[in-house]
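Novice: Below you'll find the structure I mean.
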Amino acid sequence: MINSDNNYMNEADFSALLADVFKQNGIEKYATEENLHKFYRFACILREENAKYNLTSILSDEGIALLHFADSLAAADLIPAGASMLDVGAGPGFPSLPIAIVRPDVLVCALDATKKKTDFIAATAEKLGLDNVTVINDRAESDKMREKRESFDFVTARAVAGLGVICELALPYAKVGGRFAALKGENADEELKGAQSGAKKLSARIVGNEKSQLVYKTANGATSNTRRIIIFEKLSPTPSAYPRAYAKIKRSPLF
Ligand code: SAH
């Protein structure tokens, strides 16, 4: 059960909970002692900073363990060894920071339009001793971001915008042959209408569309969340007209 009181677990209990959540979701290999310690510290920092300014509404032990940490790792195994990764609209660092914790070989760049969020990510990465994290405080569609086009092996985005919008914001940054993983929820079927032809305009195609359940069962009951990972492969450079100005993208998404 996801509780919402303020009596948070100590490190030993949180680590045991997180290890159990990872096990129930087939990612127990990431539950090393060192990683569990970093995840516990990350949860503490998230709550501390959230008391000063709003970063997330999910703050309970189970909520953070399942809906932030385990969920962020949905795409962790899909990232090639030694890859460069861009997380578009990273917010307080999801999925970028959990991926940076469990994949020290991956160079993670977190992009967000809000400075307090990129500042939070940079400060948290430093406190956790993660030297594979950089941040960019900008909008994905800004002119300044043009220099980063076609330069990441792997691009992620979770909970940023509808699929048609986020594809236009994210796909220009994937290298040719690279991939974009859109982490979506239950309603992805609706968003997938016209996605293959929309992706084509951005010089990409859908190569994966996986539905799975994120689960956590306890003696008190079970929590389950449907998730969908839609994977795009970049076929050639995205035409320079994309991404368009944000107002245009919102007004007439490619799909
Ligand atoms: N990925 C995080 C945050 C989701 S909230 C998570 O799953 O928890 C969406 C975030 O996207 C916000 O922090 C917002 O600032 C950022 N964002 C929205 N549109 C953006 C754009 N065009 N460029 C960069 N960041 C954007």
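Values in this text are rule-based calculations from the coordinates and carry no lab data. The structure presented is a predicted model; accordingly, all values stated were derived computationally and were not measured. Every residue, glycine as well, gets a Cβ built from its backbone with ideal geometry; the counts of neighbours run over all protein chains shown.
Novice: Compute the FRET efficiency between residue 236 and residue 212 as 1/(1 + (r/R0)^6), taking r as their Cβ-Cβ distance and R0 = 35 Å, and round to the nearest 0.05.
Specialist: For residue 236 and residue 212, the calculated efficiency is 0.70.
Novice: Considering all projection directions equally, how large on average is the shadow of the alpha-carbon convex hull of segment 79-251, in square nanometres?
Specialist: On the way: hull surface 43.6 nm².
Here the figure is 10.9 nm², rounded to one decimal.
Novice: While we're on this one: So for segment 43-89, taking the charge dipole from beta-carbon charges (+1 Lys/Arg, -1 Asp/Glu), which of 84, 68, 51 sits furthest toward the positive end?
Specialist: 51
Novice: What list of ³J(HN,Hα) values in whole Hz, one per residue of segment 134-143 in order, does the Karplus curve 6.51 cos²θ - 1.76 cosθ + 1.60 (θ = phi - 60°) give from phi, with Gly and Pro shown as x?
Specialist: 10, 10, 10, 9, 6, 8, 4, 9, 6, 4
Novice: Another one. Suppose each label sits 7 Å from its Cα in the direction of the beta carbon; what would the residue 32-residue 151 distance come out to in nanometres?
Specialist: For residue 32 paired with residue 151, the spin-label model returns 3.0 nm.
Novice: OK, next. At 222 nm, what value in deg cm²/dmol follows for the chain if DSSP H runs of at least 4 each add -39500 (n - 2.57) and the sum is divided by all its residues, to the nearest 500?
Specialist: -8500 deg cm²/dmol
Novice: Mind telling me which of 44, 109, 167 comes out most flexible in a GNM of the chain, alpha-carbon contacts under 10 Å?
Specialist: Of 44, 109, 167, the most mobile in the Gaussian network model is 44.
Novice: To continue, here is another question. How do the peptides 226-237, 140-151, 177-188 rank, highest first, by the average count of neighbouring beta carbon atoms within 10 Å per residue? Write out the running numbers ahead of the final one.
Specialist: Numbers: 226-237: 18.1, 140-151: 14.8, 177-188: 20.1.
Per-residue Cβ counts within 10 Å, averaged per peptide and sorted highest first, yield 177-188, 226-237, 140-151.
Novice: Defining a contact as two alpha carbons under 8 Å apart and six or more residues distant in sequence, what relative contact order in percent does segment 113-255 show?
Specialist: Details: 237 pairs, mean separation 35.1, N = 143.
With pairs under 8 Å counted, the relative contact order is 25 percent.
Novice: Hey, what do the phi angles of segment 73-90 turn into as Karplus ³J(HN,Hα) couplings, whole Hz, using 6.51/-1.76/1.60 and θ = phi - 60°, x for Gly and Pro?
Specialist: 8, 3, 9, 4, 6, 8, 7, x, 4, x, 6, 9, 10, 10, 10, 8, x, 6
Novice: Suppose every Lys and Arg Cβ carries +1 and every Asp and Glu Cβ carries -1, with no other charges. What dipole size does segment 99-241 come out with about its Cα centre, to the nearest 20 debye? Don't skip to the answer; put the middle values down first.
Specialist: On the way: 23 positive and 18 negative charges, 38 e Å.
My answer is approximately 180 debye.
Novice: Follow-up. For segment 64-138, what is the relative contact order in percent, using Cα pairs closer than 8 Å and at least 6 residues apart in sequence?
Specialist: On the way: 123 pairs, mean separation 22.1, N = 75.
With pairs under 8 Å counted, the relative contact order is 29 percent.
Novice: At 4 °C and 1.567 mPa s, what whole-number value in µm²/s does Stokes-Einstein give for the translational diffusion of segment 28-144, with Rh from the Kirkwood sum over Cα pairs?
Specialist: On the way: Rh = 14.2 Å.
So the translational diffusion coefficient is about 91 µm²/s.
Novice: Expressed as a whole number of Å, what is the distance separating the alpha-carbon centroids of segment 33-88 and segment 108-164?
Specialist: When both Cα centres are located, 15 Å separates them.
Novice: Which value, in debye to the nearest 20, describes the size of the charge dipole of the chain about its Cα centre when Lys and Arg Cβ atoms bear +1, Asp and Glu Cβ atoms bear -1, and nothing else is charged?
Specialist: Values: 33 positive and 32 negative charges, 250 e Å.
With Lys and Arg at +1 and Asp and Glu at -1, about 1200 debye.
Novice: If you plug each phi of segment 34-49 into the Karplus form 6.51 cos²θ - 1.76 cosθ + 1.60 with θ = phi - 60°, what whole-Hz ³J(HN,Hα) values come out, in order, with x for Gly and Pro?
Specialist: Those phi angles translate into 5, 5, 4, 5, 5, 5, 5, 4, 4, 4, 5, 5, 4, 5, 4, 6 Hz.
Novice: Can you tell me the relative contact order of the chain? Whole percent, Cα pairs under 8 Å, sequence separation 6 or more. Walk me through the numbers on the way to the answer.
Specialist: Values: 476 pairs, mean separation 42.7, N = 255.
It rounds to 17 percent for the chain.
Novice: Under 18 Å between alpha carbons, and skipping anything fewer than 8 positions from residue 38 in its own chain: which aspartates and glutamates qualify?
Specialist: 11, 13, 20, 28, 48, 49, 61, 62, 71, 105, 126, 131
Novice: Further, regarding this structure: Can you give the local net charge around residue 107? Use residues other than it whose beta-carbon is closer than 14 angstrom to its beta-carbon, Lys and Arg +1, Asp and Glu -1. Before the final figure, lay out the partial values.
Specialist: Working: positive: 103, 148, 175; negative: 87, 105, 131, 153.
Summing Lys/Arg as +1 and Asp/Glu as -1 gives -1.
Novice: So in the chain, what percent of DSSP beta bridges are antiparallel if you round to the nearest 5? Each step should come with its number before you reach the end.
Specialist: On the way: 20 of 39 bridges.
Here the share of antiparallel DSSP bridges comes out near 50 percent.
Novice: Looking at the chain as a GNM with Cα springs under 10 Å, which of 239, 104, 95 has the largest mean-square fluctuation?
Specialist: So, out of 239, 104, 95, the one fluctuating most is 239.
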